[in-house]
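Notes follow once the structure below has been shown.
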Amino acid sequence: MTHTYVIHLARESILMVLTLAGPLMGVALVIGLLISVLQATTQIQDQMLNLAPKIVGVFVVLLVLGSWLLNSIVDFTADLYAQIPEIIR
């Protein structure tokens, strides 16, 4: 196993994490920003008003993109397992 291969594997792993977490974090960020603007304009400072829509939004994204996210991580894991014989050499 060379240093180049380890760096490539780390890069691919980080990209996979960003690909999987990106949509969920993006939705939570946008919803949080919208709720914060709403709270600033109306001066309602309730923490549940900020938390509940984020949970619902992330849950909806998981329902919509769940199969794609699962297929992505399964393909990545299968590729890693397929590369094990090459690593041992």
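Coordinate-derived values only; no laboratory data. Worth saying up front: this structure is predicted, and the values here are computed from it rather than measured. Here Cβ is always computed from backbone atoms with ideal geometry, including for glycine, and neighbour counts include all displayed protein chains.
Worth pointing out:
- Residues in segment 1-31 that are within 12 Å of Gly57 (Cα to Cα) and over 9 Å from the mean Cα position of the chain (by Cα): Val27, Ala28, Leu29, Val30, Ile31.
- Residue in segment 32-53 that is within 14 Å of the chain's Cα centre (by Cα), over 30 Å from His3 (Cβ atoms) and either of a type outside the set (Lys, Arg) or assigned to a helix (DSSP H, G or I) (or both) present: no
For every residue, the table says whether it meets (1) farther than 30 Å from Ile87 by Cα; (2) acidic (Asp, Glu); (3) surrounded by 13 or more Cβ atoms within 10 Å (Cβ to Cβ); (4) touching a residue at least 12 places away in the same chain (Cβ under 8 Å).
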{"position": "Ile7", "(1), (2), (3), (4)": "no, no, no, no"}
{"position": "Arg11", "(1), (2), (3), (4)": "no, no, no, no"}
{"position": "Val17", "(1), (2), (3), (4)": "no, no, no, no"}
{"position": "Pro23", "(1), (2), (3), (4)": "yes, no, yes, yes"}
{"position": "Ile44", "(1), (2), (3), (4)": "yes, no, no, no"}
{"position": "Leu65", "(1), (2), (3), (4)": "yes, no, yes, yes"}
{"position": "Trp68", "(1), (2), (3), (4)": "no, no, no, no"}
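- Within segment 29-42, considering residues that are surrounded by 14 or more Cβ atoms within 10 Å (Cβ to Cβ) and of a type in the set (A, V, I, L, M, F, W, C), the one nearest to Val17 (Cα to Cα): Ile31
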